[in-house]
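Scroll down for the structure; my scribbles are underneath it.
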Amino acid sequence: RPKADLAGAQYATVSVIIRKPFVTAQASQSTVAQGDKIFIRGVAEGKPSPGVKIWVMGKNYATDNSESVNDDGTFEYEISGAITSGMTSGQYFVVVQHPMYNDLFDIERRGDFVAGTYPVRWSNLFKLFGAGSLQGSDAANALTVELDNAAIDDTYTKLQFLVQVAE
């Protein structure tokens, strides 16, 4: 029945809360010794089927990996001691990318480049590996600038940690 014609009819109402997907993350510690493991833990609301993408960038180091999201929205990504032992001491930047409404990563690594769906599908946005590549904060900033583009529906959170020489 139309709303105006509900008099004398049995009906009920229900409240629906539609929550915008989001992602939060934190490092298990702010400083890690070379050879020790570190965890990136967080929550990705909205049940993204491809999980979240974890980008880690530092001096002469970059990686991107997907991590699945548990039923309760939590995720955990481990950077093993074997990996941190090969990292140079210094600051590392982590960008955790959530695919949002289209459930697809609109920015991803393609070979040595970070590519996006804007302005043309899989356009090279910047170089992440090899000669002339962006590193550390420059790479993380370039990635977040691209993720902030209005044509990209992905969202992200950014954090950092320090790697120190083991004593």
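Worth pointing out:
- Centroid-to-centroid separation of region 15-48 and region 58-94 [C-alpha atoms, Å]: 12
- Cα-based helix-to-principal-axis angle, 136-147 vs the chain, degrees rounded to 10: 20
- Residue-wise HN-Hα coupling along region 6-12, computed from phi with Karplus coefficients 6.51, -1.76, 1.60 (Hz; x: Gly, Pro): 8, 4, x, 9, 7, 7, 9
- Protein accessible area in the chain, 1.4 Å probe - carbon and sulfur %: 48
- Near the amide H of residue 126, within less than 5 Å, lie the amide hydrogens of 114, all on another chain or at least 5 residues away, with H placed in the peptide plane.
- Its residue count N fixes a reference of 2.2 N^0.38 Å for region 1-94, and the Cα radius of gyration divided by that reference is 1.79.
- The amide H of residue 155, built 1.01 Å from its N in the peptide plane, has 98, 100 as neighbours under 5 Å, considering only residues 5 or more places off or on other chains.
- Based on protein heavy atoms only, the chain ends up with 57 Å² per residue of surface accessible to a 1.4 Å probe.
- Database remark: amide H of residue 118 closer than 5 angstrom to the amide H of 123 (H placed geometrically; neighbours at sequence offset of 5 or more, or on other chains; Pro and chain starts carry no H).
- Taking a straight Cα-Cα cut-off under 28 Å and skipping sequence neighbours fewer than 8 places away in the same chain, the lysines within cross-link reach of residue 127 are 37, 53, 59, 158.
The values are calculated or read from the model by the stated rules, or taken from the named source; none is laboratory data. Owing to the predicted nature of the structure, the values given are computational and were not obtained by experimental measurement. To get the accessible areas, we keep the full protein, side chains included, count just its heavy atoms, and leave off ligands, DNA and RNA. Shrake-Rupley method; radii C 1.70, N 1.55, O 1.52, S 1.80 Å.
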